[in-house]
Structure formats: structure tokens, C-alpha cells
Number of protein chains: 2
Amino acid sequence: MTQTDPDIFGTKTQTLIRNIRLDGKPAEIYLDGTGNIASVGEKIKDHDAEFIIDGNGATALPGMVNMHAHSPMSLLRGYSDDMPLFEWLSTKIWPTEAHLTESDIYWGAKLACLEMIRTGTTTFNDMYFMMNNVAEAVDEAGIRACLSYCMIDGGDHEKFEKECSVMEKTVATLKARANPRIIPGVSPHAVYTVSEEGLRWCAEFSERENIPLHIHVDETDENPDCIKAHGMRVAQWLDHCGVLSNRCIAAHCCWLDADDIRLFADRGVTVVHNPVSNMKLSVGRALPYPELKAAGVNVTLGTDGASSNNDLDMFGEMKTAAILQKFFWNDPTIMPASEALTIASRNGAKALGINAGVIAPGFLADIILVGKTVTTTPAFNTTSNAVYATSGLAVDTTICDGAVLMHEGFIPGAEEILAKSERVAFDLVRRATA
Amino acid sequence: MTQTDPDIFGTKTQTLIRNIRLDGKPAEIYLDGTGNIASVGEKIKDHDAEFIIDGNGATALPGMVNMHAHSPMSLLRGYSDDMPLFEWLSTKIWPTEAHLTESDIYWGAKLACLEMIRTGTTTFNDMYFMMNNVAEAVDEAGIRACLSYCMIDGGDHEKFEKECSVMEKTVATLKARANPRIIPGVSPHAVYTVSEEGLRWCAEFSERENIPLHIHVDETDENPDCIKAHGMRVAQWLDHCGVLSNRCIAAHCCWLDADDIRLFADRGVTVVHNPVSNMKLSVGRALPYPELKAAGVNVTLGTDGASSNNDLDMFGEMKTAAILQKFFWNDPTIMPASEALTIASRNGAKALGINAGVIAPGFLADIILVGKTVTTTPAFNTTSNAVYATSGLAVDTTICDGAVLMHEGFIPGAEEILAKSERVAFDLVRRATA
């Protein structure tokens, strides 16, 4: 348990964070209770702090922004692994997902939010079903999220019309929450599961509502089938359907070629790298990061769902991204640590239109503290240590929207969420395999 | 801090470990104070425990066996990264290593032992210089290690003779310690740094002393140069020099071909997979694990030194091994979680001739407990959760040789080691760059 004052948790308060390191230098941060960072400096004298957090030499970083997740799938962590992709989906994942109730979705998202807070993520970009139940979990957890219903019409016009109605209702319900931490989005699943009318409708709806559009692109090589069906590559087809814009967030993107990358750059598309999931599921190629970077595309980072990763730890994801890029493109200078950190934080915030990912006055107070421990010693380079040498379990304190969600590794209510979500997960699988 | 009885640490005592899960089932383990596991069962009634450890639902695993390390290099964690290999070695690592004192070696090894205990490693296979100072750290830490002086003669006969003398003295000194946790070994660095007489001498010395021989093999593609120099591939050349035997532990081995693998299998060579280091340094190819497995070669796992990883966490290494193998060889069924765990524990113990890596009566009491936490929930498959979903920082308790080295995340003396090794590391770099 913890010695921490329980009043510190969950609400925006005037808080001074002291005895920390920022970019390797001693620093203090003051949060003025508005949800923003009020001041940052070596010593902050002018403050009105109700609470003081002693970082004990911890490194302050912007909260991680997980740009591709399916949070309720945390219920299926470790349920099945090490199988061929289609067999895994068709015999394990889909039959189980078919039994998901609203309560399951809620508890899966609760478990995911808990893991993200534990491992230093303050914002996630989620795509799944029954998103109002995810929103309930996000609301309670105090984390920030962009939540999108995932449209799959399979080329069936009647299904398309139903999906549009669910999508509209989801966005309206999420907006009605009027919670500034919850951003509605729209998600056509992928080119091979959504019709042309589905893609066009999602693109127009995203434009009308001015909300992000989150889609799977080229996780495996979708181009041969797309060329067969539509006479063009996936990127061109998406552009033809109006999907590519600066609201578009494209997950995976392993199989983009040079023309696709130019098109993505022209349209202002954001790309999400999902290295662990891509490796675990053997998708065959790594994100062409060097070319994307050269073209000026905004590259971000995501874990994918916990059943294909199997965690939501963005620290592990940063390390895997940085070493996979070096290995696959055969150059140890690709994606240095500081770039991995930017990709995992600032770039995601930019894509979602959130004023976060930077620790400076005026930015949202989405801040984490990585405790001083054996994997962060010696501290020659705190960024290198964060990216290459530690895991999210070294995060000691997580602050989102100016409210403390975790301190000294303690999250109020964590034990109940673990116990309940475990029961919910086993009950789901029992029903699905009955 | 901890509420744990301080008397529990550091000595072999009669200890009952209860409320744990073993292979997913409820279990208890009794250690009878001999250093061995006395009994394992659902409920152990017949015991004489002086201490009782309540696992609170933790998963018991065999301690990890890190089969390729350079422990003193922990001092250089994060000192330089993201550089081309030769530039990194020649401008950063070698000039700094040239200033290492015996005290630096000792404190670097102390830091490494601390990290390994913290992250669930109970045995490591180490190759470096001034190994008696590493032995001192190992002795004090309570961990188990095979320690080898690293011979580099560069084809210079005079240097060769000096190196032989250092090697003999090192082995004699380590043997004189008469500490059953310390195994002496012999390490010719690699084919490109050690002469034929050096390789032959090491092979004969290893046979005479009946101790492991630890060598770098084919980290990058060493074959073209070896063929040019000796008319044969690296594996053949090593065999020609008498190096390949069941005492030989070959690290990296990324570039072995089918003939090399057959030869390794025939000679009983153990191979060490170092996936994180290989990826970070862009060595160009992944270990041919499917072929090694098919040939029956004993494959083990190692982190390499902390300046090319940058941690010594075998949990991260297991995950990276399992997903790299799937990705590189394009098959998601390669190296399932249970295989990754065996590679990281039992196979390493076998190679070092240690009766560990299995939790069963009669085996050495080298045991770790992975605490029940958010990344191990739900517990459909505790092995999958250990390999894919958590990091070594989730390890709660580490027991080596029947003595508790960490409990509830607490390691006696940890803070002093962190503070001192940090000072030592900065002082080393100050001297090296003065």
C-alpha cells in the first residue's frame, strides 16, 4: 500500500512537483489546478501549492500517447498466442468477441485504462465496439482517449446503413458526455472489410464532425487484392474514396511504397507504428520509417490490442520500435532514442489535436515520472534510459489533465478492477466455449 | 521500504513459499535450507519452516539464466547509443574501457547483479576483464555466475603468452574462492581477435579444467573474412582449432548456415540468442532458430552488455526473442511462449552444468515470483503473461541457492549500490574524456 495522502488523487489541484529531472537537469513543475502546466523551472518560488509531490530524482516525461488500441481486448490477454493469424482470429478471437456484452466491454476497458495509467500512458486512440462503455471506463479512470466505433459492412448495403446509424449514435453519445478528455472519432475497419460507400461515408462524416478517422492500412500486404478489386493500391483507393486527410490516422502501414508515402505526406495523414504486434503476427515487413520521416509524415506509436502484443506498455513499444527500425533497415542510427520518445508522445498528441506531449507552461498537464531505479542508473542520458533500459512498470507517478491518477505506483481502486476484470474474462471465455 | 522481516535475506533457511501458482495451478514450495528444493505440492504439510513467504497469487518461475553478458558494462548504460557499430566502439566504448580500474569493474558488476536480481535472473554467464572483481560482486550479491576472462591476442605471440597467463591466474583465483555459486570459464573473444594458437590453447585449457568456453560467433557475418584468412567458414575454423565441444557456448550465431548448424549439433555446442543487442546494433540477420531447433542444438538466451541493450532484463529479452523469430522467419507459430521460457532458464542451466531451471524436488532453489499485477491479468496462461505481457520489474521475489535475495521488490543495500555505481560511472567517463 502507500503512504500517499489519499486526497491527492483524481482531481485537478494546485500541485508542485519537485526534486525531478527534466531533459537531464534538475527541475520543478507547478500545476495551477486548471489542468494545464503553469510553470517549469529549476526552482519555482511563486506558487500556491496544496500538494507537493517529491519525485526523489525521478525523470519527468510527457505522458505516453498510445495511438492504436482496442482496449476491451485486454480481457483476452494471453487467451491464445503463437497461432497462424487467420486460425487465431477465426477459432479464438472472433468466436469470443461474438459473446461480448456491454459489461464485458466496460471491464475490459477498465483493465486497459488501469494498465495504461500504471505504465505511463495518458492518452489512447481506441477502435472497437460499444464505445460508450469504453467512455464510461475512460471517464472514471481520468485518462484521455479518442474513441471510435469500428465500422465493418462487408460490402452489404443493409449492413452499411445499420453501421452508419451506430456510428452517428456513438459520436452523438460521446459528444453528449461533454468530457474534454473524451474525443469522438470514426473508424472504418480497413479496405478489405468496408465498402466504397462505407469508406466515403466515414470520410464525409469525419469531415462534417471535424473528428479523427482511424483505420487499419497495409498491416499485411493488402495491395494485390486491392489492385485486383479496384485497379489501384490501397493508398490510392483510400484517396479515391476521400479518406486521406489530416484527420486520417492510419495504423500499421507496413507495406506502403514510395508513391503511397508521398501521397500520405501530401494529404497530411498520420501513421501509427505498431512494431510488437507486427512482429508477433509476422506481417512480413517493418514500417518504412526512414522514408516516412524523410517525407515529413507525422509518425506515431501504438501497442495494438493486448491480445496481439500482449501488453499496453508504451515503454516496451518505444524500445521495440527503435531496435526494429535499426534492424530491419540495417542502420543503427535510425530512430535514436529522442525520436522514439517524440513519436510516442508529442506526435500522437498533435494528431489528435491535443495540446500535450511537451512539458512547458500552457501545455496540458499530462505528465509522468519515471522513478530513479536500477534500470535508470547511471543517468548519463535519461531519454536513452527511458527508451532502451526500462519498462512502464518503472513509472511511479501518472498525471493526466492536471489530476494525479497514480502516485508511488498506487492507483486507487486498482485491486477491485483486477479482481473483477479477471472474473469477467474467465466468464466470457466460459460462455464463448460452452 | 518494506515490512519484510530483514532476517529473511541472504542465507539459506527453511522457507515455505505459499499462495503461488506453478504452471497455472495453486502450489506451495518448501526449501529445506540445503539450497535445494525439498518439496513442491498443492499443500505442503510436512515442513519445518522458519520463514513463510506469502506469494499473494504470484507465479513461480525458475530463475532466469542470462547466458551472454559483460556485467561491468552496466556502468556505461546510456553513455552512447544510436551510432554506427565501429564508430561507437572506437570513439566511445574502447576509449572508456581503457580507463577501467578494478574498483570500476567491481561497482559495474555490483550494479549488474542488482539489476539481475531485481528483474529475476539468478545465473549469468559473463565475459570481461579483471574477473576476480566481478566474482567479489557475485559473491556478495548471492547470485550465481560463470565468469570468464576474455582473451584478445590480435595474432601477437607475446600478447598471447601474457593472455594465457592472465587466463590461468583468473581460473585459479576463481577456483580458490571455493564458492559453489561461482563457475570459472574461459573466453577467447572471437575468431577475428584471437589467433589460431589462442583458440587452440583456450580449447585445450577448457578441456583440461573441464570448464565452459564462452565465445562470440558470427554476430555480424564473419565468414567472408574467415574464408579469406583460413579458407573455411567460422564454424569449420573453430572446429579445426578444437573449440567446438559440449563445453562451448557460442553467443550471437546470427550467420550460421545449414552446415554450421549440423556441425554445432554434432559437437554439442550451446548457442546464445541475443535478440535485443542484434537488433539495436543492426547485425543484419536473426538467429536461425527454427533450423537450430530442428537440429537439436541447445539454444539459450542472453542480454549482452548493458551498453548495447541497454538493460539486463531477461523478460524483455524473452519477448523480443519470441517476436523477432516469428517476424524474421515469417511464421507466428515459431518460438511459442513456453519455448521462450525454457530457452531463458532450463537450457542455460543445462549448458553451465547447473541443476537448475526446473521447479521440482532435488533441483537447486533458484526461483522467482512474478507478482500478480495488471500486466499478468487475466491469468489465462501464466507463461504467456510472463513472456509477452510483463517486464522483469514485475518480479517480486528472487531466490538463489535457497537464499532470498529480493522480497516484495526490496533488496538490502540496493540504494547504496545505485548511488555509488552512479558516482563511479560519471567519474570513469570524466577520466576517459579528460
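The values are calculated or read from the model by the stated rules, or taken from the named source; none is laboratory data. Since the model is a prediction, treat every value here as computed from it, not as a measurement. Glycine also receives a Cβ, built like all others from the backbone with ideal geometry; neighbour counts cover every protein chain displayed. The protein model used for the area step is the full one, side chains on, heavy atoms only, and it has no ligands, DNA or RNA in it. Shrake-Rupley method; radii C 1.70, N 1.55, O 1.52, S 1.80 Å.
Here is a yes/no grid of residues against (1) surrounded by fewer than 24 Cβ atoms within 10 Å (Cβ to Cβ); (2) within 9 Å of another protein chain (Cβ to nearest Cβ); (3) more than 15 Å from A:V138 (Cβ to Cβ); (4) in contact (Cβ under 8 Å) with a residue 40 or more places away in the chain:
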residue	(1), (2), (3), (4)
A:T91	yes, no, yes, no
A:T96	yes, no, yes, yes
A:L100	yes, no, yes, yes
A:G108	no, no, no, yes
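Of note, B:L301 does not satisfy the criterion of being over 16 Å from the mean Cα position of the chain (by Cα), in the same structural domain as B:Y128 (by TED's automatic domain parsing) and not aromatic (F, W, Y).
Note on the range A:158-177: among residues that are more than 30 Å from A:D401 (Cα to Cα) and among the acidic types (D, E), the one that is surrounded by the most Cβ atoms within 10 Å (Cβ to Cβ) is A:E163. For the structure I just gave you, tell me whether A:S74 is open to solvent by 10 Å² or more (accessible area, probe 1.4 Å) and within 30 Å of A:A203 (Cα to Cα). Answer is no for this residue.
Only a single item in (1) without any contact (Cβ under 8 Å) to a residue 12 or more places away in the chain; (2) on the phi > 0 side of the Ramachandran plot; (3) not small (G, A, S) is not met by B:M130, and it is number (1). Here B:P84 meets each of (1) under 24 Å from the mean Cα position of the chain (by Cα); (2) surrounded by fewer than 19 Cβ atoms within 10 Å (Cβ to Cβ) with one exception, condition (1).
Just one of the listed residues (A:G10, A:G33) is touching a Pro at 6+ places or on another chain (Cβ under 9 Å), at positive phi and away from chain B (no Cβ under 14 Å), and it is A:G10.
Among the residues that make up the range A:119-127, is at least one of them among the β-branched types (V, I, T), more than 14 Å from chain B (Cβ to nearest Cβ) and in a helix (DSSP H, G or I)?
Looking through the range A:119-127, none of the residues is among the β-branched types (V, I, T), more than 14 Å from chain B (Cβ to nearest Cβ) and in a helix (DSSP H, G or I).
A single member of A:G242, A:G198, A:G185 is over 30 Å from A:A356 (Cβ atoms) and open to solvent by less than 60 Å² (accessible area, probe 1.4 Å), and it is A:G198. When A:A172, A:A141, A:A98, A:A190 are checked against the criterion of being closer than 22 Å to A:D311 by Cα and not aromatic (F, W, Y), a single residue qualifies: A:A141. Filtering B:P6, B:P62 for residues that are surrounded by fewer than 21 Cβ atoms within 10 Å (Cβ to Cβ), out of contact with any strand residue (DSSP E or B) (no Cβ under 6 Å at 6 or more places or on another chain) and of a type outside the set (A, V, I, L, M) leaves a single hit, B:P6.
Going by what's in this entry, would B:P180 be described as touching a residue at least 40 places away in the same chain (Cβ under 8 Å) and either in contact with a Ser or Thr (Cβ under 8 Å, 6 or more places away or on another chain) or surrounded by fewer than 18 Cβ atoms within 10 Å (Cβ to Cβ) (or both)? Working first, answer last.
Numbers: touching a residue at least 40 places away in the same chain (Cβ under 8 Å): yes; either in contact with a Ser or Thr (Cβ under 8 Å, 6 or more places away or on another chain) or surrounded by fewer than 18 Cβ atoms within 10 Å (Cβ to Cβ) (or both): yes.
For B:P180, the condition - touching a residue at least 40 places away in the same chain (Cβ under 8 Å) and either in contact with a Ser or Thr (Cβ under 8 Å, 6 or more places away or on another chain) or surrounded by fewer than 18 Cβ atoms within 10 Å (Cβ to Cβ) (or both) - is met.
Just for the range B:282-313: of the residues that are among the acidic types (D, E) and in contact (Cβ under 8 Å) with a residue 40 or more places away in the chain, which one is surrounded by the most Cβ atoms within 10 Å (Cβ to Cβ)? Per the stated criteria, the residue is B:D313.
Kindly evaluate A:D257 against the criterion of being open to solvent by 10 Å² or more (accessible area, probe 1.4 Å) and charged (D, E, K, R). I'd like the intermediate steps shown before the answer.
Details: open to solvent by 10 Å² or more (accessible area, probe 1.4 Å): yes; charged (D, E, K, R): yes.
Yes: the conditions hold for A:D257.
Show me the strands (runs of 3 or more DSSP E) entirely contained within the range A:317-434 in which 1 or more residues are at pLDDT below 95 and more than 9 Å from every other protein chain (Cβ to nearest Cβ).
Because the criterion is at least 1 residues that are at pLDDT below 95 and more than 9 Å from every other protein chain (Cβ to nearest Cβ), no strands (runs of 3 or more DSSP E) in the range A:317-434 meet it.
Residue-wise test of (1) assigned to a strand (DSSP E or B); (2) over 30 Å from A:E339 (Cα atoms); (3) modelled with pLDDT under 95.
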position	(1), (2), (3)
B:E28	yes, yes, no
B:K43	no, yes, no
B:D48	no, yes, yes
B:M73	no, no, no
B:D81	no, no, no
B:E87	no, no, yes
B:S90	no, no, yes
B:T96	no, no, no
B:Y106	no, yes, no
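Candidates B:A137, B:A145: the one that is touching a Phe, Trp or Tyr at 6+ places or on another chain (Cβ under 7 Å), in a helix (DSSP H, G or I) and touching a residue at least 24 places away in the same chain (Cβ under 8 Å) is B:A137.
Any chance the range B:411-424 includes a residue that's on the phi > 0 side of the Ramachandran plot, within 24 Å of the chain's Cα centre (by Cα) and surrounded by fewer than 24 Cβ atoms within 10 Å (Cβ to Cβ)? Checked against the condition, which is being on the phi > 0 side of the Ramachandran plot, within 24 Å of the chain's Cα centre (by Cα) and surrounded by fewer than 24 Cβ atoms within 10 Å (Cβ to Cβ), the range B:411-424 yields at least one hit. Just one of (1) of a type in the set (G, A, S); (2) open to solvent by 10 Å² or more (accessible area, probe 1.4 Å); (3) part of a strand (DSSP E or B) fails for A:A265. It is (3). Residues in the range B:382-400 that are open to solvent by 20 Å² or more (accessible area, probe 1.4 Å) and touching a strand residue (DSSP E or B) at 6+ places or on another chain (Cβ under 7 Å): B:D396 alone.
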